[in-house]
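To start, the structure under review is shown below, and the notes come after it.
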């Protein structure tokens, strides 16, 4: 397997689940009228462990770290920065993948900006910037120098990433049992659109271990529940990722177990910092 092929496989099966992970990580959302909830700023660090999903996988094992930082509010633009540093052991040697993704979205979710840089074994493998705007027909237009012709159209009803995050929070807050939506996922590919189906499960009543990062006063009154999310290709319907997680209702993900075609990815919360939020004036 060439280095390019290893990088391509890591991209397809490693980065696919990060939207789901961050969607379950939005801290202390407060229910709002309308379609979405707000996000309280926070910074979370997750420890990642990798294993092959079956005997045909070219991946043997791996470890890494994912950092997610949310800032902003419904009074200002939302911003999320996600950094990833992973080393995967493959049949042809180690593969180190580093990436930084920056998401910026206005409070109305009518405009979205994204920048992304990915390195594989120290060499840039992907790098692009995207600007997306909702249009009058319910879809959106994305523009980027990295797109053929400089632009592309997203299907009607496609949510921007942080709008998607807020919709998931709102559904959990309202006590819904399930939610299916379609969202733009530029971290997977510049034009990627995915269908995501959430099932909100029973409450988890087991106490967190003493000293756990989420065992803090701000979270002790919140419900913690099991959630499953399935990623499907929007055009073909093929399942790409299944993820089971335990998360606080509208708050912090504590553990996650994601299964892709070639990798099993386990994530655990390693540290958590609640960040200040300016009040709306």
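General remarks:
- Inter-site label distance for residue 102 and residue 123 at 7 Å from Cα along Cβ, in nm: 2.6
- For the pair residue 145 and residue 218, label points projected 7 Å from Cα toward Cβ lie 3.8 nm apart.
- Here the calculated FRET efficiency for residue 56 and residue 235, from their Cβ-Cβ distance with R0 = 25 Å, stands at 0.50, rounded to the nearest 0.05.
- Shown here: region 3-274, whose C-alpha atoms stretch 49, 48, 31 Å along the first, second and third principal axes, sorted largest to smallest.
- Distance-filtered residues of region 109-149 - backbone nitrogen under 15 Å, label point 7 angstrom along residue 74 Cα→Cβ: 109-110
- Label separation (residue 87 vs residue 242): 3.2 nm, computed from points 7 Å beyond Cα along the C-beta direction.
- Two-site FRET efficiency, residue 226 against residue 135, from Cβ-Cβ distance with R₀ of 41 Å, rounded to 0.05: 0.65
Throughout, read-outs are computed from the coordinates displayed, never taken from laboratory work. Keep in mind that this is a model prediction, so the values were computed, not measured. Quick reminder, even Gly has a Cβ in these numbers, built from the backbone with ideal geometry, and neighbours come from all protein chains shown.
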